[in-house]
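Values quoted throughout were computed directly from the atomic coordinates according to the rules given, and no laboratory measurement underlies them. These numbers were taken from a predicted model, which means no experiment stands behind them. FYI the Cβ positions are ideal-geometry reconstructions off the backbone, even for glycines, and counts take in every protein chain you see.
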Amino acid sequence: MSNSVFILLLLLLLLMVIGNNGRSSTVVDEYRRDDFPVDFVFGSGTSAYQVEGAVLEDGRSYSIWDTFAHAGYYSGANGDVACDGYHKYKEDIQLMADTGLEAFRFSISWSRLIPNGRGPVNIKGLQYYNDFIDRLISHGIQPHVTLHHDDLPQLLEDEYGGWLSRNAVKDFVAYADVCFREFGDRVLHWTTFNEANVFAFGGYDLGIAPPGQCSYPFGLGAINCTKGDSTSEPYIVAHHLLLALASTVRLYQKKYQSINQSCPAVQHGFVGINVFAYWFEPYTNTVEDLKATERAQDFYVGWFLNPLVNGDYPEIMKKNAGNRIPNFTKLESERVKGSFDFFGINHYNTFVVKDNPSSLEMKTRDYYGDMATTLIFDGNPFTPSEFEVVPWGLQKLLNYLKEKYGNPPIYIHENGQIQPRNGTLIDNPRVEYLHAYIGALLDALRNGSNTLGYFAWSFFDLFELLGGYEIGYGLYCVDLDDKELTRYPKLSAHWYAGFLKGKNMSGIVDNTDAKETLSSAY
């Protein structure tokens, strides 16, 4: 078993173990695209490092994800070529149009656009993203851009420690300014950070994400914790991400949403942030487990959403983390509060939570120790290579966000089924998953959720953060054994295209009928 698979399984077993504890909920089984609001958007997505390749081509420099991969985390695999999207983007966009995508979510590689992290813009990188955006729009596809998807330029990491330093805030805002200036006349939807919470605890506590920092004994599985401090660094990084978001939104509002001398053409875009969110259910109805479940929500989504809605971290986080979590000054709190136009949510599964007060007795605690909960598997069938289908978890999550945070605008930025990357195109479990979760989303909308869009993850089988090339979420298979990296539609691509083109979707589609759906793509 490779190290990447071992770590993935360990992560799933220790931290992400699925269980529904016998709970159930009814979701819509039959629906069409026109059952959703006319301005609701459906799409799919990728990110720069996971799809582009062309690692040092046309002026691009290394990012921290390049360094992380080349350090051996994926047993020799890396994103040097990935799906070769840098060269194949024209045919890829045509495939998106053939599928019927209404929107496409992608990220800009900071180190491709500004190779030194700050300073001169790389003309080749600028041309690439300009043409990418123009082609999306010419095919009737909305561009939704993420600015930072785990890929800070390595030069900035080397210079001052990356997101552990407030210098990153200033450099990120300057980078965002370039993107707004160059692309903002066509791009309306901007996400500052992808899975900001996972970037903080995955990259600086567990060591399973770039830049791979952690301290003993908190690193996960086979990770070698040679640098970092798991007890404090996740909180420092999260603090700087929030300050960077607030400063970016302030810049956009002042410079691009109002008429001024430096930018006379007013832009009408929206700026938000993305977080990863499970749905948590209490193991029992005891007071202890109910409190533990709410604590888990506060540590996962409240960590970012509470400062943005209410101006400060959740009280339980401040209590349990103590002086290891930074304080907002009065001015910072005022600037952070309300500094978003939407929240992006990545949701895949549901877990059961049990109180774990013993973790608070440890003299040294990390982020997970502070949370003082255990995410458990309660006896349901469990396959680490495939998520259990628990659509009511998405319903409950969206209702929770509505009630807890004042029904903010939300985009489901990622949702999809994990499977081994074994070359099969008949991915019925993914079809079942998408069918169930889109139905649950429709129920949530009918219950008043202010969700504005849904993006299936992912358009292609990519280079994944957990698992590299050994797992995939794609609607399309990429043949890694073919030097052309040919794309092949899976059954899920046919199903999603059928839905987007107005068919009544009530479960698994017939494979023969499905082939007709994308006949123009062959």
Review point. Out of residues 5 or more away from residue 411 or on other chains, whose amide H comes under 5 Å of its own, with H placed 1.01 Å from N in the peptide plane?
Key: 343, 344, 345, 452
Exercise for review: Please give, to one decimal in nm, the separation of the simple spin-label points placed at residue 318 and residue 446, each 7 Å out from Cα toward the Cβ.
Suggested key: 4.2 nm
Study note, to complete from the structure: Everything considered on the Cα gyration tensor (a ≥ b ≥ c; rounded for a/c under 1.5, else prolate if a/b is larger than b/c, else oblate), the chain must be described as rounded
Revision key, fill the gap. Residues whose built amide H sits under 5 Å from the amide H of residue 31, excluding neighbours closer than 5 in sequence, are 505
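Magnitude of the Cβ-charge dipole of the chain, K/R +1 and D/E -1, about the Cα centre, nearest 20 debye? Write down the numbers at each step before the final one.
On the way: 42 positive and 62 negative charges, 271 e Å.
Approximately 1300 debye in magnitude.
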Review point. Counting only DSSP beta bridges with both residues in the chain, what percent are antiparallel, rounded to the nearest 5?
Key: 25 percent
Point to revise | Note, ³J(HN,Hα) from phi for the range 170-181, Karplus 6.51, -1.76, 1.60, rounded to Hz, x at Gly and Pro | key: 5, 5, 5, 4, 5, 5, 4, 4, 4, 5, 4, 5
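Note the full-extension length gain between residue 330 and residue 266 as 0.36 nm times their separation in residues minus their Cα-Cα distance, in nm to one decimal. Mind showing how you got there, number by number?
Values: separation 64, 0.36 × 64 = 23.04 nm, distance 3.06 nm.
Computed gain between residue 330 and residue 266 is 20.0 nm.
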**Study point:** Along each principal axis, Cα extent of the range 162-278, largest first, Å
**Key:** 54, 29, 18
Point to revise | 358, 232 arranged by Cβ crowding within 10 Å, fewest neighbours leading | key: 358, 232
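Once you charge only the Cβ atoms, +1 for Lys and Arg and -1 for Asp and Glu, what is the size of the charge dipole of the range 377-487 about its Cα centre, to the nearest 20 debye? If you can, show how the numbers build up before the last one.
Details: 8 positive and 15 negative charges, 120 e Å.
So the magnitude is around 580 debye.
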Practice item. Starting at the first residue of the range 300-305, write each ³J(HN,Hα) from the Karplus equation 6.51 cos²θ - 1.76 cosθ + 1.60 with θ = phi - 60°, in whole Hz, x for Gly and Pro. Key: 7, 9, x, 3, 9, 6
**Study point:** Dipole magnitude (debye, nearest 20) for the range 80-213, charges at Cβ of Lys, Arg, Asp, Glu
**Key:** 340 debye
Exercise for review: Could you go through the range 432-448 in sequence order and give the Karplus-derived ³J(HN,Hα) for each residue, using 6.51 cos²θ - 1.76 cosθ + 1.60 with θ = phi - 60°, rounded to whole Hz, and x for Gly and Pro?
Suggested key: 4, 5, 4, 4, 5, 6, 5, x, 5, 4, 4, 4, 5, 4, 5, 8, x
**Study point:** the chain: relative contact order in percent, alpha carbon pairs under 8 Å with at least 6 residues between
**Key:** 20 percent
Check your understanding: How long is the gain from residue 483 to residue 363 if the chain were fully straight, where each residue apart is worth 0.36 nm and the alpha carbon distance is subtracted?
Key -> 37.8 nm
Exercise for review: Going by C-beta contacts inside 10 Å, put 505, 362 in order with the fewest on the left.
Suggested key: 362, 505
Exercise for review: Taking amide H positions as placed in the peptide plane 1.01 Å from N, state which residues far from residue 416 in sequence (5 or more) or on other chains have amide H under 5 Å from it.
Suggested key: 457
Check your understanding: Going toward the positive end of the dipole of the chain, with +1 on Lys and Arg Cβ and -1 on Asp and Glu Cβ, which of 333, 307, 192 do you reach last?
Key -> 333
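Rounded to a whole number of µm²/s, how large is the Stokes-Einstein D of the range 358-443 at 10 °C and 1.306 mPa s, given Rh as the Kirkwood radius over C-alpha pairs? Before the final figure, lay out each step's value.
On the way: Rh = 16.1 Å.
Answer, rounded: 99 µm²/s.
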Revision key, fill the gap. One finds the C-alpha centres of the range 86-107 and the range 307-332 to be spaced, in Å, by 40 Å
Practice item. Please report 316, 123, 426, 418 as a ranked list, fewest other C-beta atoms within 10 angstrom at the top and most at the bottom. Key: 123, 426, 316, 418
Study note, to complete from the structure: The extension gain from residue 166 to residue 185, computed as 0.36 nm times the residue separation minus the Cα-Cα distance, is 3.9 nm
